[in-house]
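Working notes for the structure below.
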């Protein structure tokens, strides 16, 4: 009787029932790691490996607790953490879902590839241009470099799975990378290999309307709303090494910042 009630209460997602014990396995009650952290880790891994897909709904908290033999308080604490990370989203009256929108936390200096992988999305790029050149007057001021300083330019469309997310224009001091081909997917990973990954950055965000050319690249409509993020990345010694302008789709990207009075 209890099992009949339980399985009838499970949400059907895209024609299939989502039963967490079958998807993530059982938790280890004798482990030193708290149960809520185990559940968070298991859910995060399931999302990253697409065993739980974007827009999938989790079962109600009481059903998860019954299925995994843990308390609802433990379930709530685990889900709260993933909601704060942006992996899950609560919709009043509907339940808890795997987020399709991407939240970028301004308090953490991470690359686009790292952000996508952390949210269970597969990052990839379509290159538009890779160029060698020298700083423009604007870049010279932004990067605090002398006129004529050699730079490498990277222009590409950034994807999460098969969805175009942003158009990225990055300028990096040529002294920080061995060649244009050093950047295969993640710019920050390439800079890290040479010991030149930024440790802090200044970012500015403003609203924009996409041009016809930009909209075509992002598979949206001309004059759709977007977000332009300009970032200058600095090394430990204070040198600026990166100036990136990223045009993000406003319909699927959110930027968040934690504020404090301290």
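The values are calculated or read from the model by the stated rules, or taken from the named source; none is laboratory data. Nothing here was measured: the structure is a model prediction, and the numbers come from that model. Here the Cβ positions follow ideal geometry from the backbone for every residue, glycine too, while neighbour counts run over all protein chains shown.
Name the strands (runs of 3 or more DSSP E) wholly inside the range 111-191 in which the number of residues that are surrounded by fewer than 13 Cβ atoms within 10 Å (Cβ to Cβ) is 1 or more.
On the way: elements: 123-134, 150-160, 163-173.
So the answer is 123-134, 150-160.
Read through the list (1) in contact (Cβ under 8 Å) with a residue 60 or more places away in the chain; (2) farther than 29 Å from residue 216 by Cα; (3) within 18 Å of the chain's Cα centre (by Cα); (4) not assigned by TED's automatic domain parsing to the domain that holds residue 173, then give the number of the only condition that residue 86 fails.
Here residue 86 clears every test but (2).
What are the residues in the range 202-218 that are crowded, with 17+ Cβ neighbours inside 10 Å and farther than 21 Å from residue 122 by Cα, if any?
Of everything in the range 202-218, those that are crowded, with 17+ Cβ neighbours inside 10 Å and farther than 21 Å from residue 122 by Cα turn out to be 210, 214, 215.
Test of understanding: among 32, 42, 65, which residue is surrounded by 14 or more Cβ atoms within 10 Å (Cβ to Cβ), over 24 Å from residue 122 (Cα atoms) and without any contact (Cβ under 8 Å) to a residue 40 or more places away in the chain?
Values: 32 fails: surrounded by 14 or more Cβ atoms within 10 Å (Cβ to Cβ); 42 fails: over 24 Å from residue 122 (Cα atoms).
Criteria check complete, one pass: 65.
Within the range 223-234, which residues are over 19 Å from the mean Cα position of the chain (by Cα) and modelled with pLDDT under 95?
Residues satisfying the conditions are 223, 224, 225.
Any idea which of (1) closer than 19 Å to residue 245 by Cβ; (2) at pLDDT 80 or above is the one residue 102 doesn't satisfy?
So the condition that residue 102 fails would be (2).
Take the residues in the range 219-231 that are more than 24 Å from residue 110 (Cβ to Cβ) and in contact with a helix residue (DSSP H, G or I) (Cβ under 9 Å, 6 or more places away or on another chain), then tell me which one is surrounded by the fewest Cβ atoms within 10 Å (Cβ to Cβ).
Going through the qualifying residues, I end up with 221.
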